[in-house]
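Peer 1: Mind looking over this structure? Questions follow.
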Amino acid sequence: MANTSIYRTITSAGSLTTWTFSAWVKRADLWDTNKVLIMNRNTAASSETKIQFNMTNEAIQFYQDYSSTVSNQVTSSYYRDTGAWYHIVVVWDTTNGPPADRFRLWVNGVRVTEFSTSSNPGSSAGSALLQTASPAILAIGKQPVGDTEYFDGEMSHVILTDGYAYDASTFGEFDATSGIWKIKTSPSVTYGTNGFFLKMEDRTNLDLDSSSNAHTFTTGGTLTATYDNPSNNFATFNPLHNTGAVMSNGNTTAQSNDANF
């Protein structure tokens with residue numbers, strides 16, 4: 001998705017206090033820019049919510065500026081493995097009493113509790129992710145305004161629930177034999193008004209919403225289908241060790257003019 005994104009305009013009011021985002025992602029490139037997973041930005045109101053890998057150290061960052069209130073969460077851990085699928089679950093639920101439970105993050109089934117930067121949201125604080133103030137463009141894989149901060153890699157089973165909070169166990173489980181966190185391909189969730197389920201498994205229609213909402217998405221650029229997925233992880237070239245090569249096709253292809261490559 002290095003030059004590709006999926007997006008839709010939100011026209012119906014969603015929950016500002018409660019939502020869940022779940023996605024399986026495999027990274028292909030690091031460092032050069034922030035890598036946005038999902039974002040809604042209203043330039044006129046100067047409000048935004050985004051989840052990304054930041055370019056400073058490849059931590060996972062949740063950043064929000066809504067109604068002049070900033071919430072910024074940056075993990076202490078870094079996520080630089082380009083050969084593995086990460087399962088990322090973010091819950092925004094400011095109806096919770098404990099401040100630390102209003103924003104929650106899981107990576108591969110384990111809740112993240114250590115942050116280098118942390119500012120918990122206030123009680124019933126709103127989120128810009130499902131804002132309807134025009135233009136309310138919800139984008140997956142880049143900033144919704146301008147061709148910047150693309151996510152470079154693969155995505156699978158991208159889910160958003162509007163008005164409902166679910167923990168990671170709704171979307172994945174630990175394998176009883178290997179102990180590896182694995183995908184639940186048919187999670188039982190309620191999607192709410194703006195929720196969606198992008199399986200990205202229909203090779204003729206990769207931005208198909210498989211939720212009961214059947215929202216229409218637009219793809220900017222060209223999505224490329226791959227058989228590399230959370231249940232069948234392909235071996236790939238490592239860009240950290242092949243700096244002279246040009247990577248493509250989810251790092252399954254490397255091209256170099258270096259005779260010593």
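Peer 1: Return the FRET efficiency for the residue pair THR253, THR204: r is the Cβ-Cβ distance, R0 is 25 Å, and the value is rounded to the nearest 0.05.
Peer 2: About 0.65, to the nearest 0.05.
Peer 1: Taking only the alpha-carbon atoms of the range 132-261, what semi-axes of the equivalent ellipsoid follow from 5 times the gyration tensor eigenvalues under a square root, in whole Å, largest first?
Peer 2: Taking √(5λ) for each eigenvalue gives 30, 22, 13 Å, largest first.
Peer 1: Taking R0 as 30 Å, what's the FRET efficiency between PHE234 and VAL145 from their Cβ-Cβ distance, rounded to 0.05?
Peer 2: Computed FRET efficiency for PHE234 and VAL145: 0.35.
Peer 1: Would you kindly derive the ³J(HN,Hα) couplings of the range 117-129 from the backbone phi angles with the Karplus curve 6.51 cos²θ - 1.76 cosθ + 1.60 (θ = phi - 60°), listing them in order in whole Hz, with x for Gly and Pro?
Peer 2: 9, 8, 9, 6, x, x, 4, 6, 5, x, 10, 7, 4
Peer 1: Dipole size in debye (nearest 20) for the chain around its Cα centre, Lys and Arg Cβ +1, Asp and Glu Cβ -1?
Peer 2: 260 debye
Peer 1: For the range 1-152, which whole-number percentage of the solvent-accessible area (1.4 Å probe, protein heavy atoms only) is attributable to carbon and sulfur atoms?
Peer 2: The computed percentage sits at 46.
Peer 1: Okay, moving on. ³J(HN,Hα) across the range 209-214 via Karplus (A = 6.51, B = -1.76, C = 1.60, θ = phi - 60°), whole Hz, x for Gly/Pro?
Peer 2: For the range 209-214, the Karplus-derived couplings read 8, 8, 6, 5, 6, 6 Hz, x marking Gly and Pro.
Peer 1: Treat each spin label as a single point 7 Å out from the Cα along the C-beta direction, and report the SER68 to SER186 distance in nm.
Peer 2: It is 5.1 nm.
Peer 1: Give the value in nm², to one decimal: projected area of the alpha carbon convex hull of the range 45-96, averaged over all directions.
Peer 2: Hull-based average projected area comes out at 4.8 nm².
Peer 1: What translational diffusion coefficient, to the nearest whole µm²/s, does the chain have by Stokes-Einstein, given a Kirkwood radius computed over alpha-carbon pairs, a temperature of 37 °C and 0.692 mPa s viscosity?
Peer 2: Estimated via Stokes-Einstein, D reaches 176 µm²/s.
Peer 1: Below 8 Å, C-alpha to C-alpha, sequence gap of six or more: please give me the relative contact order for the range 148-195 in percent.
Peer 2: Normalised by residue count, the contact order of the range 148-195 is 44 percent.
Peer 1: Once Lys and Arg get +1 and Asp and Glu get -1 on their Cβ, which of SER178, THR226, THR18 lies farthest toward the positive end of the dipole of the chain?
Peer 2: The residue sitting most towards the positive pole is THR18.
Peer 1: Once amide H atoms are built 1.01 Å from N in the peptide plane, which residues 5 or more positions from GLY153, or in another chain, come under 5 Å H to H?
Peer 2: Here the answer is ALA2, ALA28, since their amide H atoms fall under 5 Å of that of GLY153.
Peer 1: Then there is this: May I ask you to evaluate 6.51 cos²θ - 1.76 cosθ + 1.60, the Karplus curve with θ = phi - 60°, for each residue of the range 98-109 and list the ³J(HN,Hα) values in order in whole Hz, giving x for glycine and proline?
Peer 2: Rounded to whole hertz, the list is x, x, 6, 9, 7, 10, 9, 9, 10, 10, 6, x.
Peer 1: When the distances between all Cα atoms of the range 79-207 are binned every 10 Å from zero, what whole-number percent does each bin get?
Peer 2: 10, 34, 41, 14, 1
Peer 1: How would you order 60-72, 80-92 from highest to lowest mean count of nearby Cβ atoms within 10 Å?
Peer 2: Result, highest mean Cβ count within 10 Å first: 80-92, 60-72.
Peer 1: One-quarter of the Cα convex hull surface for the range 1-120, in nm²?
Peer 2: Seen from a random direction, the Cα hull of the range 1-120 projects 8.1 nm² on average.
Peer 1: Ok, one more. Place the peptides 105-115, 8-18 in order of packing, highest mean first, counting for every residue the other Cβ atoms within 10 Å and averaging per peptide.
Peer 2: Averaged packing, sorted descending, gives the order 8-18, 105-115.
Peer 1: Evaluate the relative contact order of the chain (contact order divided by residue number), counting alpha-carbon pairs under 8 angstrom at least 6 apart; express in whole percent.
Peer 2: 25 percent
Peer 1: How high is the FRET efficiency between ASN213 and GLU173 when r is their beta carbon distance and R₀ equals 22 Å, given to the nearest 0.05?
Peer 2: Once rounded, the FRET efficiency stands at 0.30.
Peer 1: How high is the relative contact order of the range 12-113? Use alpha-carbon pairs under 8 Å, at least six apart in sequence, and give a whole percent.
Peer 2: About 27 percent, as a whole number.
Peer 1: Further question on the same structure: Over the range 162-233, one equal point on each Cα, no solvent: what is log10 I(q)/I(0) by the Debye formula at q = 0.11, 0.22 Å⁻¹?
Peer 2: So the normalised log intensities are -0.36, -1.11.
Peer 1: Now, a different point. Where does the Debye-calculated log10 I(q)/I(0) of the range 72-154 sit at q = 0.18, 0.23 Å⁻¹, using only Cα point scatterers of equal weight, no solvent?
Peer 2: Log-scaled intensity ratios, in q order: -1.03, -1.28.
The values are calculated or read from the model by the stated rules, or taken from the named source; none is laboratory data. Owing to the predicted nature of the structure, the values given are computational and were not obtained by experimental measurement. Backbone-built Cβ (ideal geometry, glycine too); neighbour counts: all protein chains shown. The accessibility values were calculated without ligands, DNA or RNA, using every heavy atom of the protein model including side chains. Shrake-Rupley method; radii C 1.70, N 1.55, O 1.52, S 1.80 Å.
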